[in-house]
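Let me begin by presenting the structure, written as C-alpha cells, before commenting on it.
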Amino acid sequence: MPDQLLFGMEVFLNGLMAGVLYALVALGFVLIYKASGIFNYAQGVMALFAAMTLVGIMNGQVPFAHLINAVFGLHVTNFGWTVPALLAIALTVVVMIGLAWMVQHFVMRHLVGQEPIILFMATIGLAYFLEGVADLMWGSEIKTLDVGLPQGINETIDRVTFDAFGYGFFIDNLDIVATVIAALLVIALVLFSQYTKQGRAMRAVADDHQAALSVGISLDFIWVLVWSVAGFVALVAGIMWGAKSGVQFSLSLIALKALPVLMLGGFTSIPGAIVGGLIIGVGEKMFEFLVGPMVGGATENWFAYVLALLFLVFRPQGLFGEKIIERV
Amino acid sequence: MSTQESYVTADGRTIGPTVMEMKNITLRFGGVKAITDISFDIREGEIRAIIGPNGAGKSSMLNVISGFYIPQEGEVWYKGHKRPPMKPYEVAQQGIARTFQNIALFEGMTVLDNVMTGRLNHMKTGMLAQAIWKGKAEAEEVENREKVEKIIDFLEIQHIRKTPVARLPYGLKKRVELARALAAEPSILLLDEPMAGMNVEEKEDMSRFILDVNDEFGTTIALIEHDMGVVMDLSDRVVVMDYGKKIGDGTPDEVRNNQDVIDAYLGVAHD
Ligand SMILES: Nc1ncnc2c1ncn2[C@@H]1O[C@H](COP(=O)(O)OP(=O)(O)OP(=O)(O)O)[C@@H](O)[C@H]1O
Ligand SMILES: [Mg+2]
C-alpha cells in the first residue's frame, strides 16, 4: 500500500478520536437545550470547573484557600492528604449536582418563560461567574490531571499495523480509552432516557412543558436533573481533555468547537451531536492533512467554522434536525 | 338536597358526597377579572359541566382547579381538606388529571409512549433501584403496560398505538389526550372542550367514551363544552358562567329554564 494512503488512514483514526471529545461537549449542550430550550454557553466552563474541582480534591487542596488566607490572615493551601481518583470523581459528581441545583434555584427558575435570548445571556453570565469561582476556589495555575488513564502510543496497534502494512500506526492509548468511555456514557444515557421513570419524564419535559406538568412532572426537578447530567458529561469531557493537555482555562474554549458540531448535528439531536463531533474531528484532521500543505497549514483553526457555515446555508436544520417549514 | 348524601341517578349510577368544592374564587389578570367570586361543588361520581359564552372564564376555572392558575381570593377544598396553593404537578399527583382546550400532547412520541407518561405517578421504583434491581422495575413496567393497553383498547385506538402523535388527525389527538389522562387513574378528570372541532360522528364517539369512563371506572368528571345538546345529554349538573360570574347552577333542566342563562345565550345586551 502506498505510504500516503496509510498515513491518511492514521490521520483519519486520530480525527475520529478527537471528534469523540467534541461530541461529548456537544452532547452536554443538546441535553440542556432539548429539555429547556436554553443554549447553555457555560457548558465548556462547566467542563473546566469539573476538571479543576477533580484535581483540587485529588490533591487535597483547600478550596477558596486564597480568600480564606486573605480574610483570616492564615497560610493554608493543602489539607495534607490526597484522595484516590475514584472517590474524588464521586465527590466531584456531588459538587456538579450541587452546582446544577444552584443554577436552577438561583438563576433559571426566575427566568421561566423568558425569551431564549435572555436565557442565553444568563448562561453567558453564568459562564464568567463560574470561571471566576473556579479561579477563586482552586487557583489559576495549570495543573496536570492524572486519574490513572493509560497514555502514550498503543504498542499493539503499532505492531499489528507494522506487520500488516509495513507502517506502524500511532494511536494514543488515551484516545482509545476516551472513545470507549464516551461510547459507554452515550449508551448509559440512552438506556436512562428510554427505560427509567426519570428518563421518561425528561423526554416528556423536552417535548411539552404544559403536558408534562399535567401528568405530574415537576419541571424544577427535571431541570436540576438535566443540569446534573450535563454536569456529569462535562466532567467526563473535562477529565479527557485535562488528561490530554492539562487543566487550564483554555479548556473552556472547547465550547466554541462544539458550536459547529451543533450546527452540523442539529441542536436537539443526540445522534446528531455524536456524528457531528466525529465529522468535525475527522474533517479538520483530514483537511489539514490533504489541503493544509497547499495553503500554508493551520487550517484546523477555521475548518470547522467554515464547514458549519456551509451547513447553515444549505441545510440549516443540521443533519438530523427536522426540516424547517414556515407555516403561513 | 344535601350535598353529603349519596343518591342514585335515573340511569342507575351512584352519586356520592362532595369531593371538590370551590369557595368564592376570584381570579384577576392585571385589570381583567377572569373569575369573580364563584362557588360551586363537584360530587363524587358525577359528570359536572361548565358552560358559558366565549371568554366567560371556563378554562380559567379549570386551570384554577388543576393548579395552573392561583386565584387571588377564595379557597379550594379537596376531599374534605382545604388545599394550600399548589403547583400543577402536585395537583396531578393528588389524582386530578386533565386535558387542554388546545391539546397538549408529546408530539414527538408515539401514542403508546404518550399514554405511558400518564402512569409516571404510579411508577414507584426510584432511579437507582431501577438501575440495580432490574427485576422489580420490569415487573412494574409490565403492570403499567397492561393498564395502558386496557385503556388503549377501551378508547379504541389500538390501530395507532405505534404512530407518532404528530401524524394524527385532530379528532384522534383529542382521544389520545383523554387516554393519557385516564392512564393516571384519576379520581377527578377535567376535560376542556373534549369535542371542540369534531364532526358529528366523532362527537358521538367521544360522548360515549365519556359516559363509559364515568360508568365503568366511576371517575368523577368536570367538563367544559359548547355544544348544548351534548351538555344536556351527558351531565348531571351544570354550572353556567358569563363574564366571569356564575349565573346558573343546577340540573340541565333547571339551567335550561333559567332566565339569566337564556339571556346570556340569546345575547341579550349586558348593561
Ligand atoms: N393567562 C392569561 N393571561 C391573561 N388573561 C387571560 C389568561 N387566561 C385567560 N385570560 C382572560 O380571562 C378571560 C377568560 O378566559 P377563559 O379562557 O377562561 O375563557 P373561556 O370561558 O374558556 O373561553 P372560551 O370558550 O373561548 O375557551 C378572558 O378575558 C381571557 O382573555
Ligand atoms: Mg376555554
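The values are calculated or read from the model by the stated rules, or taken from the named source; none is laboratory data. Just so it is clear, the model here is predicted, and its values are computed rather than measured. Counting neighbours? That spans all protein chains shown, and the Cβs are built from the backbone with ideal geometry, glycine included. For accessibility, only protein heavy atoms count, side chains too; no ligands or nucleic acids. Shrake-Rupley method; radii C 1.70, N 1.55, O 1.52, S 1.80 Å.
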Expressed in nanometres to one decimal, the distance between label points 7 Å along Cα→Cβ at A:THR144 and B:ILE70 is 5.5 nm
Counting only protein heavy atoms with a 1.4 Å probe and every protein chain in place, the carbon and sulfur fraction of the accessible surface of chain A in whole percent equals 70 percent
Under a Gaussian network model of chain B whose springs join Cα atoms within less than 10 Å, the largest fluctuation of B:ALA92, B:ALA49, B:ALA104 belongs to B:ALA104
Within segment A:89-184, DSSP-loop GluC sites (Glu not before Pro) with at most 11 other C-beta atoms within 10 Å are A:GLU141
Between B:GLU90 and A:ALA164, Cβ-based FRET efficiency (R0 56 Å, step 0.05) works out to 0.30
Relative contact order of chain A (C-alpha contacts under 8 Å, at least 6 apart) in percent is 34 percent
For the protein assembly as shown, dividing by residue count, accessible area per residue (probe 1.4 Å) in Å² works out to 47 Å²
In square angstrom to the nearest 100, the accessible surface buried at the B/A interface, both sides summed with a 1.4 Å probe, amounts to 2100 Å²
Expressed as a whole number, the average count of other chain Cβ atoms within 10 Å around the Cβ atoms of A:193-205 is 5
Expressed as a percent, the portion of alpha-carbon pairs in segment A:3-314 spaced more than 36 Å apart is 22 percent
Among A:ASN14, A:ASN40, A:ASN154, the residue with the largest mean-square fluctuation in a Gaussian network model of chain A built from Cα contacts under 10 Å is A:ASN154
With a Förster distance of 41 angstrom and the Cβ-Cβ distance between A:SER250 and B:VAL32, calculated FRET efficiency to the nearest 0.05 equals 0.15
Interchain or sequence-distant (5+) residues whose placed amide H lies within less than 5 Å of the amide H of B:ALA34 are B:LEU27, B:ARG28, B:PHE29
Rounded to 0.05, the calculated FRET efficiency for the beta carbons of A:PHE79 and B:TYR170 at R₀ = 60 Å is 0.40
Rounded to the nearest 500, the 222 nm mean residue ellipticity computed for chain A from DSSP H runs (n ≥ 4, each -39500 (n - 2.57)) alone is -23000 deg cm²/dmol
Partner shielding of B:82-89, taken as the mean number of other chain Cβ atoms within 10 Å, equals 3
Reduced to Cα centres, the span from segment B:168-240 to segment B:23-68 in Å works out to 18 Å
Note: A:THR156 to A:PHE314 extended length (0.36 nm per residue) minus current alpha-carbon separation gives 52.6 nm
Across B:ASN199, B:ASN114, B:ASN24, the residue with the highest GNM fluctuation in chain B (Cα network, 10 Å cutoff) is B:ASN199
Length-normalised contact order of segment A:170-328, Cα under 8 Å, at least 6 apart, in percent, tallies to 16 percent
Contact order relative to length for chain B, counting C-alpha pairs under 8 Å separated by 6 or more residues, stands in percent at 25 percent
Once phi for every residue in segment B:205-211 is put through the Karplus expression 6.51 cos²θ - 1.76 cosθ + 1.60 (θ = phi - 60°), the whole-Hz ³J(HN,Hα) values, with Gly and Pro written as x, are 4, 4, 4, 4, 4, 4, 4
Going residue by residue through segment B:150-161, the Karplus relation 6.51 cos²θ - 1.76 cosθ + 1.60 with θ = phi - 60° gives ³J(HN,Hα) values, rounded to whole Hz and with x marking Gly or Pro, of 4, 5, 4, 4, 4, 8, 6, 10, 4, 5, 10, 3
Output field shielding_mean for B:101-108 (other chain Cβ, 10 Å radius) holds 5
